[in-house]
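What follows is a set of notes on a single structure, which appears directly below.
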Amino acid sequence: MLSVYEGFFSGGARIVHSDIVLGLTEGGQHHRVLSLYGEVHRETTRQRMTDDTCYRALTAAGVGVTSLDRTFRGTGVSADFTGPELAETARATAGADVVLSLKEQPLGLLNQAGLPRRPVVVCLHRSDPENQGRALDELKTAIADGTVVACVCCAESTRDAYRAAGIPAELLHVIPNGVDLFRFRPDAARRLALRTELGIGQAAPVVVFAARCDAMKNVPLLLAAARAWLGRIPDGQVLMCGAGMTAANPGLTADIATAFRGAPALADRGLRLLGVRRDMETLYAASDVVALTSAWGEAAPLCLIEGMMCGAVPVATDVGDSAAIVAGHGLITAPDPEEIAAAWSRAADARTDLASALAASRERFSRTRMIASYAALLDRAAAGVAHPALPDPL
């Protein structure tokens, strides 16, 4: 199997896909990865492939990772590929039985004439195909010429959106996101350690917001809710982590200044900018609430699943499959700062009461279940089954 990534940079889709590759490798499949970009400049950060956590995990497990060594500086995938780039892609695809495309953006490369024809399975992780530039057209082109044999959707909202955008229903298969349940679990020792490290009281209510600093995530709404909440919760803490969530990001600091105008002491007291973290299981275990304020594009937000599995109560806006994910375990709110702030308080108060419901739902979000479903679909694709749907629900 060959997976083609647009690049290695912070984001839930790359985390999920890399974990799938690792799981399938553990199960005996042979996988390689080709990345279009070796370095990505986005969310005001420089993200080099070789520094990325997913890259390091893949290579440590023996998965070969190569790159076309392009540098992404804020523009979409160029359709102009050089001879050496196409030759490298041809070598990589020639050695594969099936090609996985991490989202539809790499299809701009895989649709180039002269490459070895291999069945392509596209892994879709958003619910807004109309906002993906020309990538949707590239997907339709690859379907029309028979290159794409299946599309894996991480959420029902993804399948619905792509079907409405004109992708044939028989190609769309839902495999919900899953996580490592051993890694993501309630852990009193992690909770104590992180709160001690950050100087947060053990009884203080903590909200974590794990997202890249992108318009889709609606950071201004999160900050407005944080101001309202911190103004009424004297010991409350809001932890913000992800690419661009640092004081070095001028856009973020401007948003904070706007949200906390007239009350900068509230931000100084209760807002923590932690940047990209490699210990998300610890941050979630130390938190009482995991927040999502996205305005569009989400499908099955990884932060909600990881946070829930660590015992944090999810509070989310109604985007993608968020409502289905948090049903019975958390709260869905309107995109209103006061309503969100009130929901954070209710969620933090209900954390102990919801613990049993969160524990009972763990198997539904299992990494093992997710990888088994991918393996079944890819085996059928490799065997040449046309439109290789899952044989039975797993």
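The values are calculated or read from the model by the stated rules, or taken from the named source; none is laboratory data. All of these numbers come straight from a predicted model, not from anything done at the bench. Glycine gets a Cβ as well: all are built from the backbone with ideal geometry, and neighbour counts include every protein chain shown.
Annotations for the structure displayed:
- Against the conditions (1) in contact (Cβ under 8 Å) with a residue 60 or more places away in the chain; (2) over 14 Å from Ile256 (Cα atoms); (3) part of a loop (DSSP other than H, G, I, E, B), Cys213 satisfies every one except (2).
- Checked against (1) surrounded by fewer than 21 Cβ atoms within 10 Å (Cβ to Cβ); (2) within 19 Å of the chain's Cα centre (by Cα); (3) of a type outside the set (S, T, N, Q); (4) more than 21 Å from Leu124 (Cβ to Cβ), Ile15 meets all criteria but (4).
- Enumeration of residues in region 252-261 that are under 23 Å from Glu339 (Cα atoms), of a type outside the set (A, V, I, L, M, F, W, C) and assigned to a helix (DSSP H, G or I): Asp255, Thr258
- Condition met for Gly244 (surrounded by fewer than 14 Cβ atoms within 10 Å (Cβ to Cβ), under 23 Å from the mean Cα position of the chain (by Cα) and either not in a helix (DSSP H, G or I) or not aliphatic (A, V, I, L, M) (or both)): no
- Filtering region 18-33 to residues that are within 17 Å of the chain's Cα centre (by Cα) and polar (S, T, N, Q) leaves only Ser18.
- Qualifying residue in region 318-331 (condition: in contact (Cβ under 8 Å) with a residue 12 or more places away in the chain, of a type in the set (Ser, Thr, Tyr), closer than 23 Å to Ala215 by Cα and outside the structural domain of Asp128 (by TED's automatic domain parsing)): yes
- Residue in region 322-335 that is under 15 Å from the mean Cα position of the chain (by Cα) and of a type outside the set (Lys, Arg) present: yes
- Only one of the listed residues (Leu36, Leu68, Leu2, Leu86) is in contact with a strand residue (DSSP E or B) (Cβ under 9 Å, 6 or more places away or on another chain) and either over 23 Å from Leu378 (Cα atoms) or among the aromatic types (Phe, Trp, Tyr) (or both). That residue is Leu68.
- In summary, Val65 fulfils each of the numbered conditions (1) out of contact with any helix residue (DSSP H, G or I) (no Cβ under 7 Å at 6 or more places or on another chain); (2) under 29 Å from Thr141 (Cα atoms) with the single exception of condition (1).
- Complete set of residues in region 92-144 that are under 26 Å from Gln29 (Cα atoms) and among the charged types (D, E, K, R): Asp97, Lys103, Glu104, Arg117, Arg118
- Here is the figure for region 146-171: residues that are free of Cβ contacts under 8 Å to residues at least 24 places away in the same chain and charged (D, E, K, R) total 2.
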